[in-house]
Amino acid sequence: MMIPSLLFRRLVDLPKIFWRYPMSYLSYAAWSIQGQFKNDMIGLEFDPQVPGEPKLKGEDVLLHMYGINPKISKWWDLAALAALLVCVRVIFYMVLKYKERASFFTQALCQGKFSTQSQKSSIEEGAIDLLQEAENS
C-alpha cells in the first residue's frame, strides 16, 4: 500500500516498473500504514452483513481488501521504519560531509588563485619600484 498523489493504493494496483518495487519499499508511509492496520485488525471479528453468515475476521480483511499479508509481524514493519530512518540520517550526514569537504577544496583553490595573483602583482610592483630607483639614480 502506498500514497502516491495522496491517495491510498494497494500494492497490486501500482505499476510494476517503478512504483511497485523500488518506491513501495522506500515509502515510510507504506510501512507505517501496514503496521497500523495489522495492529488494529488482527484478532478482530466483524458482524456479517447478512445475519446467519460467519463473522468476518480482521485477517481476511487485511488479506483480501488491502492486500497486506497478516502472517508477517507488525514488528517487521516497525523495524523497516527504523532502518529507513537510520539510512536517511546516514545519507544526510554523508551529503553534509561531502558538501563541507567540497566547499573547503573550492575555498582553498580560490585562495590559491588569489594569492598567486597578489604575489604576481606585488612582484610586478617591486620590479617597477626598482626600475624607478634605477632611473632616479
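Quick note: the coordinates plus some simple rules give every number you see, no bench work behind them. This one's a predicted model, so the numbers in the text were calculated from it and none came from an experiment. When we count neighbours, we look across all protein chains shown, and the Cβ atoms used for this are built from the backbone with ideal geometry, even at glycine.
Quick notes
- Region 4-72, relative contact order [Cα under 8 Å, separation at least 6], %: 25
- Dipole moment magnitude, nearest 20 debye, region 4-72 about Cα centre, only Lys, Arg, Asp, Glu C-beta charged: 400
- Label-point gap, in nm, between Val88 and Asp60 - each point 7 angstrom along Cα→Cβ: 3.7
- Nearest-0.05 FRET efficiency for Asp47 and Tyr21, computed from C-beta distance (R0 35 Å): 0.40
- In this simple spin-label model, placing a label point 7 Å from the Cα along the Cα-to-Cβ direction at both Glu133 and Leu11 gives a separation of 8.3 nm.
- Cα-based shape type of region 4-72, given that a ≥ b ≥ c are square roots of the gyration tensor eigenvalues and the cut on a/c is 1.5: prolate
- Cross-link check: pairs Lys16/Lys38; Lys74/Lys97; Lys16/Lys74 evaluated at a Cα-Cα cut-off of 28 Å; pairs beyond the cut-off: Lys74/Lys97.
- Net charge of Cβ neighbours under 14 Å - reference Pro48; Lys, Arg +1; Asp, Glu -1: -2
- In nm, spacing of pseudo-spin labels at Ser32 and Trp76 (7 Å Cα→C-beta vector): 2.1
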